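Read the structure below first, then the notes.
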Amino acid sequence: MSAMLVTPAPAPAPTPAPAPALRLGPVTPEAYRAFLAARSTGPDGPSFLQLPAWARVKEGWTHQLLGWGRGDGELSGVALVLLRAFPGTRKYFAYLPEGPVADWADPDLDGWLQPLLAHLRGAGVFAVRIGPGPAYRRWSAATLKAHTGPGRRLSDVLASEVDPLGSAVAERLRARGWRKCGGDSDDGADAQPRHVYQVPLTGRTTDELWSGLNQEWRRNIRKARKSGVEVVVGSAADLPEFHRLLGVTERRDGFRLGRSLAYYERQYAVLNAEHPGRMKLYLARHEGEILAAHTMITVGRRVWYQTGASADHRREVRPSNALQWRMMLDAHALGADVYDLRGVPSTLDPDDRAHGLLRWKLGTGGQVVETLGEWETPLPGTTNHTLYRAFQAYLARR
């Protein structure tokens, strides 16, 4: 009788060792900037509000530059934390505008947030506000134009796209006790706009960008060109005229940013010192007079139109349309993935004064993007919770 050959069972595969836990600590501005530079690609790259230079723009705040890593010297994420002291105490409110720059797709959210909260508690922080990166919902310009009507708002319209990552991050934050500023109201109570307007640039030619504009925009750009409107890039010397026109715009349109000329001069200086050309001032001239001025900020492959100002007279030559078209073309030439026109209101009611801004931006053919908004949590301890309630009451009175 022949012997039976028995094949030995394969040895079980070794269980992979778990990744080392994330550690958080201070990082140098140089290491921070290098991390951002390596990840400043795509429409979801880091915001200009998380640049190290932004800390020098904000008066009345101190700051920390923090980074996460796994002990191998490589950074996995970074955060600019702005700190404002609560009057009469040594306690601070911590604010991470449109940050931190973290891996929000990592299901282990605690691995990121717990080291951050522990560090900030040790630094005397009583409450923290963050602005998570993922988007939540998107509406195309065509969809919103079709649903404009009396009393209507964005929340009344079925989104063209819902981002599953944004939804997951929101649920994870809620489960951990984070509170969405302003709740789920359309406009919230965020310091940064919850709804922004973006024009995708990736893979589009300039002819396709032109055809994406609505007829009114194309007509206005042609009119500006025919009327002799000249668009140029200005310098710091033109900021006083920009600020004067901004005051005209605020009075005309019924809003107030409350920012001084010194604020914009500081912003222009520190952003361009960090990276030449990061902030630009575009001017529209007609017959030798500056009729409109807009600022633009670039970080990697993201470009933002930040602030616009225009005169009350000669509006018929359409200087602002000419400015935006030039800025959009320049963003495209830089290889940007997206041109972000920043905040828009949530109203779709044409009789609502605020709707005019949305209508103007819809003409560029992009999309409204609802961010996750800003989220807050008090840190553990009776004193921290008491200060947080006092801080909320203060904000409610403003």
## Note on the structure
Rounded to one decimal in nm, the spacing of the 7 Å Cα→Cβ label points at residue 353 and residue 90 is 4.7 nm
### Task
Determine the order of 44, 163, 253 by accessible area, beginning with the largest, at a probe radius of 1.4 Å.
44, 253, 163
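Which FRET efficiency, nearest 0.05, do residue 30 and residue 167 yield, Cβ-Cβ r, R0 30 Å? Display every interim value, and only then the final one.
Details: r = 36 Å, r/R0 = 1.22.
Efficiency, from the Cβ-Cβ distance: 0.25.
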## Note on the structure
Env charge @ residue 266, Cβ radius under 11 Å, K,R +1 / D,E -1, value +1
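In nm, what is the difference between 0.36 nm times the number of residues separating residue 334 and residue 179 and their Cα-Cα distance?
Values: separation 155, 0.36 × 155 = 55.80 nm, distance 3.81 nm.
Gain on stretching residue 334 to residue 179: 52.0 nm.
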### Query
How far apart, in nm, are two points set 7 Å out from the Cα along the Cα-to-Cβ line at residue 390 and at residue 214?
5.0 nm
### Summary
For residue 280, counting only lysines whose alpha-carbon sits under 30 Å away and dropping same-chain residues fewer than eight positions off, the answer is 58, 223, 226, 361
### Task
Would you tally the net charge around residue 53, using a Cβ to Cβ cut-off of less than 12 Å, leaving residue 53 out, and scoring K and R as +1, D and E as -1?
+4
### Query
In whole Å, what is the distance between the alpha-carbon centres of the range 276-290 and the range 139-209?
31 Å
### Message
Which residue fluctuates most in the GNM of the chain (Cα springs below 10 Å): 185, 76, 346?
### Response
185
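First measure r as the distance between the Cβ atoms of residue 272 and residue 114, then evaluate 1/(1 + (r/R0)^6) with R0 = 30 Å and state the FRET efficiency to the nearest 0.05. Numbers along the way, then the final one.
On the way: r = 37 Å, r/R0 = 1.23.
E(calc), rounded to 0.05, equals 0.20.
Quote to one decimal, in nm, the extra length available between residue 382 and residue 204 on full extension: 0.36 nm per residue of separation minus the C-alpha distance between them.
Values: separation 178, 0.36 × 178 = 64.08 nm, distance 5.48 nm.
Between residue 382 and residue 204, full extension yields 58.6 nm more.
Between beta-carbons, use under 14 Å as the cut-off and find the net charge around residue 339, counting Lys and Arg +1, Asp and Glu -1. Mind showing how you got there, number by number?
Values: positive: 204, 280, 301, 302, 326, 342, 361; negative: 208, 330, 337, 340.
Net local charge, residue 339 excluded: +3.
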## Note on the structure
Cross-link reach from residue 180 to lysines, straight Cα distance under 23 Å and at least 8 residues apart if same chain, gives 91
### Query
Rounded to the nearest whole Å², what accessible area per residue is found for the chain with the 1.4 Å probe?
48 Å²
### Message
How large is the convex hull of the C-alpha atoms of the range 322-398 per residue, in Å³?
### Response
170 Å³
### Task
Assuming a ≥ b ≥ c are the square roots of the Cα gyration tensor eigenvalues, decide whether the range 15-147 counts as rounded (a/c under 1.5), prolate (otherwise, with a/b larger than b/c) or oblate.
oblate
### Task
Take residue 21, project a point 7 Å from its Cα along the Cβ direction, then tell me which residues of the range 111-146 have their backbone nitrogen under 19 Å from it.
111-123
### Query
How far apart, in nm, are two points set 7 Å out from the Cα along the Cα-to-Cβ line at residue 44 and at residue 289?
4.8 nm
### Rounded percent of accessible protein surface that carbon and sulfur make up, the range 67-146, 1.4 Å probe
49 percent
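Assign one of three labels to the range 261-331, namely rounded, prolate or oblate, based on the Cα gyration tensor with a ≥ b ≥ c the square roots of its eigenvalues; rounded applies when a/c is under 1.5, prolate when it is not and a/b is larger than b/c, and oblate otherwise.
On the way: a/c = 2.71, a/b = 1.60, b/c = 1.70.
Oblate is the answer for the range 261-331, as a/c is 1.5 or above yet b/c matches or exceeds a/b.
May I ask you to compute the full-extension gain from residue 250 to residue 227, defined as 0.36 nm times their residue separation minus their alpha-carbon distance, rounded to one decimal in nm? Don't jump to the answer; show the numbers that get you there.
On the way: separation 23, 0.36 × 23 = 8.28 nm, distance 2.59 nm.
Result for the pair: 5.7 nm of gain on full extension.
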### Summary
Taking the convex hull of the alpha-carbon atoms of the range 51-92 and averaging its shadow over every direction gives an area in square nanometres of 3.8 nm²
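Normalise the Cα radius of gyration of the chain by 2.2 N^0.38 Å (N = residues in it) and let me know the number. Walk me through the numbers on the way to the answer.
Values: Rg = 24.2 Å, N = 398, 2.2 N^0.38 = 21.4 Å.
The value comes to 1.13.
The values are calculated or read from the model by the stated rules, or taken from the named source; none is laboratory data. No experiment lies behind these values; they were computed from the predicted model shown. Here Cβ is always computed from backbone atoms with ideal geometry, including for glycine, and neighbour counts include all displayed protein chains. Heavy atoms of the whole protein, side chains included, go into the accessibility calculation; ligands, DNA and RNA do not. Shrake-Rupley method; radii C 1.70, N 1.55, O 1.52, S 1.80 Å.
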